[in-house]
1. Could you rank the peptides 594-606, 254-266, 456-468 by their average count of other C-beta atoms within 10 Å per residue, with the highest value first?
2. With 10 angstrom as the radius, rank LYS593, LYS104 by how many other C-beta atoms surround their C-beta, starting from the fewest.
3. Tell me the angle of helix 602-614 to the major Cα principal axis of the chain, expressed in degrees between 0 and 90 and rounded to the nearest ten.
4. For segment 141-239, what is the relative contact order in percent, using Cα pairs closer than 8 Å and at least 6 residues apart in sequence?
5. Beyond 36 Å, what percent of the Cα pairs of the chain remain?
6. Assuming a ≥ b ≥ c are the square roots of the Cα gyration tensor eigenvalues, decide whether segment 374-464 counts as rounded (a/c under 1.5), prolate (otherwise, with a/b larger than b/c) or oblate.
7. For segment 114-154, which trypsin sites (Lys or Arg not before Pro) are in a loop by DSSP, counting at most 14 other Cβ atoms within 10 Å?
8. Packing-wise, with mean Cβ within 10 Å as the measure, how do 283-290, 499-506 rank, highest first?
Amino acid sequence: MFLLFLTPLFMSRAQEAKPYLSNLWAGKNSPLYTTYAAAMERSEFTLDEGYHFVFYDSTRGADFVTDNAGQWGLAFRKGPGYVHRLSEMFREPVITTSYSDIAKYFYFPFENIRVDVTFLVHSSRAAIQDVVITNLGSESATLDVVSFLQNDKNPFHRVEYRKDDCAIAFSHREPPDNWVKSHAIPYVDPVFDLFVFSQGTADSSVKVEFDGQVSAGSIDSVQTITVTKKFDVKPGAAGRLSVIRAVHRPEEDQAKFLAEAHALMGEDLDGYVKQNEKLYSTIPVPRFDDPDKDMMYWSAFTLMRQVMLPPEGKCSYNYYVFSREPQWGWGHGGQVFHESLTMLAYAYMDATGAMNSQRVYRERQHRDGYINYRTGSYLDETIPHNGQLTTSAPWYAWQNWEIYKITKDKDFLREMYQSSKSFYNYYVKNRDSDADGLCEWGAHAVLESVRDGLVAVWDKVGWPSNFEALDLNCMLVQEAKALRGMALELGLTYEAGGWQKEENERIHKINDSMWDEETGFYYHIDKRTHTFTHKKKNDLKREEIIGFLPMWAGVADEHRAKRLVEKLTDPKKFWRPYGVPSLSADDPYYNPKGYWNGPLWVEWNYLIQRGLLDYGYTKVANELVNKVAANMIAQLKKDHNFWEFYSPDEQWAGYHKTYIWAGLIARMMMDVAKQE
């Protein structure tokens, strides 16, 4: 029993052992991310199935759930009754290994009956559940192990039991949402499935049922498919059952995928753990003051790795999507600059992958320097509006420069310097309609500005193109700084001087016209008058999170930075229990569960943290990271997921989960750890 239930001291040492994610002891209250999808090299865009492991809800079983393909679980019978719900188990699951595509865990449905499971999403098309049942008691045990698929949302169709193949064939629906259809993104619907179990188990000890009825061949529509295997296990002995769920397109040869599924039964699953250990070995290993932070830190890299996809369609390089499970159109279309901020963390794990993700933008860049609002394997989202194409907020050169500082790849720097320079020149040429040296958001300006809903100034004052934009011009300062750094690194001294001039001129204009000494804050200004009044006196003086970007961009002098930090650390305004909201809490439009009018966005808090560190406010930066981390940890303990944004005031998250840019918490934690 000692081997099964480690003492607290031994568990502590196991937690510290490296590689970390191979040495876990994670229960339902551990802040571990538990969504799984195939490794990038075995993934594809148009047919992809991911799974979320629900091992923390006592009213449910230790099941793997999907958005459309149903849930996949295990149940057990020993004697008269079945055990499925966690509340019915003798001991609930403990996860011992967890990477982006594989999990190992064990639990006890009955006393002395230990179940060890390895779950691997082998590819976008196949996942395997390898189950070992060990009898730790002193008497022989007879029990049934039930592997089942259930779909209450969309029934399974064309269900057929193929006894000689140890398989069940069926189909399920993956209906596209309106975004997918309106953007002409390819999809597969219906999806054809195979539920394949171990060779040699198609005998009298196996029973296949559809909706609780013993199969007599085929049936048109069911909600539940079960494969039951009877085990007679002697004391100290073990039995095994392997089950695979595979998917394919309707027009593809099912026999081929059936053969591949059976071949996968013999895979060395520990080999996939070793592959992950090698991949994760380049990640820096900070020491944190709380084991919960360790678990979230490593989980953040799992999230970022999981959403990477290989070259496909128009993409010659790997790229990312926002989420793979659940998979929804808007979150699965492709890349955009504001999500690419995540590459500033991901590059520590996969330098080549981070660089190649940026190369996707260069590959599709227009001759005039324009880059799509969003770019994917089957998407060039340009969103024409008012005679212009919508692009994304200009973080491009800065991202490329920051990634280079991690990878030190000169070939990447040369490529991306030219691309970044071209994009910068496009931007300043097309987003300064009055030629005064300050830029405004253009095209579909609400989308281009990133803050695309419930923004105080946009909603209460006017359309973004009416204003010289504080956030945009700070970004352009940082772009010029990055281009200067890139030019110097490449020996282009004359060009570096030109970028220095661009940077200085824009800094002067921002400080001269966008700073308000009375309130100690930066704001947008009216494009016509260069004042804080558009329709009503001082109606542009709304204290939004963008007012702190001058510290991130190095625009503020020491006096202004001090005033900004005073406002930042005011608990009635921005210094909320769980981080910095997108709008000051004393603004009447504030809503901590809104959108851009109150919630905490991890990537914008990261920019604030960078500014604090640059200006020497190390203690404040550390406090900020602790605030943000506390809410994210609480949410991971609750539902084991990362979210699009969080409440700054209470432990709450919304609205989209498995969201890539929450992974930036790893870089935030890494950066403050370097300062200690």
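1. Final packing ranking: 594-606, 456-468, 254-266.
2. LYS593, LYS104
3. It is inclined by approximately 50 degrees.
4. Relative contact order for segment 141-239 comes out at 41 percent.
5. Here the tail beyond 36 Å accounts for 43 percent of pairs.
6. Because a/c hits 1.5 or more and a/b exceeds b/c, segment 374-464 counts as prolate.
7. LYS153
8. With the highest mean Cβ count within 10 Å placed first, the list reads 499-506, 283-290.
Here, each number is a calculation from the coordinates, and none is a lab measurement. The model shown is predicted, which means the values in this text are computed figures rather than measured ones. Don't worry about glycine lacking a Cβ; one is built from the backbone with ideal geometry, like all the others, and counts go over all protein chains shown.
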